[in-house]
Amino acid sequence: MDRLEDVPTPVPEATFVVVDVIICSTAIIHLLEAGATYVKPFAETDRAQAFRAETEDAVIVGEENDGTTSEKFDLPPVPSIIRERDLAGRPVGIRTSNGTRAIDRIGVDSNILIGSTINAGAVADRLLETDRDIWLVAAGRDGSPVGEDLAAIELVQRQHDERRKSLDNDGLCEYFDSSPSTPWLRENGTRADYEQLVSPETTETVPRIRNGVFVTD
């Protein structure tokens, strides 16, 4: 699916892979790799803030609908900033403008994996283990498809079906350089953040939802 708005109602029984490369999917991966106990998604800022108030030692990560950073969150969903924080053993909530809305639309009681360019091969390996229908859902941006999400989905699909890469670094750069989301990444992140996203398969971490929160197997 090219955008979260295309997910049908009622939501079918399936294994879903939610892809929001810039930036929700990538942030969830980094949060778990930084030692977060779990990552709980929220579609609304006030719900994320309530989670922080009610949960001991909790941190919330996020952005507003227009992608701007906000004092309502403890830190923005930027990989280089996440890597600087000590999150070991801490519960984390996340709210972003598109990715968490996609998760909310599907439902946290569904079988959901998180995919990005950086873990496409590992996601494909997990999908080979399921006997359910598989839905690859690009979150998109404000109701429109974006190239980096579609590129990540293509990587997962080709890895799953043909067991080979579908895009090289140059191909990914073309998708990213034409994306309306890339200026946000360049403004809020670092060159290293960009370089990682256009270098497929740099991690084996595949977040999976369990009891309403994302964890690693």
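Residues in the range 97-135 that are assigned to a loop (DSSP other than H, G, I, E, B) and crowded, with 24+ Cβ neighbours inside 10 Å: Asn98, Ser116.
Picking from Arg105, Arg158, which residue would you name as being at pLDDT 95 or above and over 12 Å from Val21 (Cα atoms)? From the options Arg105, Arg158, the qualifying one is Arg105.
Looking across the range 136-156, the residues that are of a type outside the set (Val, Ile, Thr) and assigned to a helix (DSSP H, G or I) come down to Gly147, Glu148, Asp149, Leu150, Ala151, Ala152, Glu154, Leu155. Based on this model, can you work out whether Gly99 counts as under 18 Å from Ile23 (Cα atoms) and out of contact with any Lys or Arg (no Cβ under 7 Å at 6 or more places or on another chain)? Spelling it out, Gly99 is indeed under 18 Å from Ile23 (Cα atoms) and out of contact with any Lys or Arg (no Cβ under 7 Å at 6 or more places or on another chain).
May I ask you to verify whether Glu195 is surrounded by fewer than 17 Cβ atoms within 10 Å (Cβ to Cβ), of a type in the set (D, E, K, R) and closer than 26 Å to Leu75 by Cβ? For Glu195, the condition - surrounded by fewer than 17 Cβ atoms within 10 Å (Cβ to Cβ), of a type in the set (D, E, K, R) and closer than 26 Å to Leu75 by Cβ - is met.
Scanning the range 207-217 for residues that are touching a strand residue (DSSP E or B) at 6+ places or on another chain (Cβ under 6 Å) and of a type in the set (Val, Ile, Thr), which turns out surrounded by the most Cβ atoms within 10 Å (Cβ to Cβ)? For the range 207-217, the residue satisfying everything is Ile209. Ala138 meets the stated requirement of being modelled with pLDDT of 95 or more, of a type outside the set (Val, Ile, Thr) and open to solvent by less than 20 Å² (accessible area, probe 1.4 Å). Among the residues of the range 173-189, those that are loosely packed, with under 15 Cβ neighbours inside 10 Å and assigned to a loop (DSSP other than H, G, I, E, B) comprise Ser178, Pro180.
The values are calculated or read from the model by the stated rules, or taken from the named source; none is laboratory data. Just so we're clear, the structure is a prediction, and the values are computed from it rather than from any experiment. Please note: Cβ atoms are built from the backbone with ideal geometry, for glycine as well, and neighbour counts cover all protein chains shown. Side chains are part of the model used for accessible areas, which takes the heavy atoms of the whole protein and leaves out ligands, DNA and RNA. Shrake-Rupley method; radii C 1.70, N 1.55, O 1.52, S 1.80 Å.
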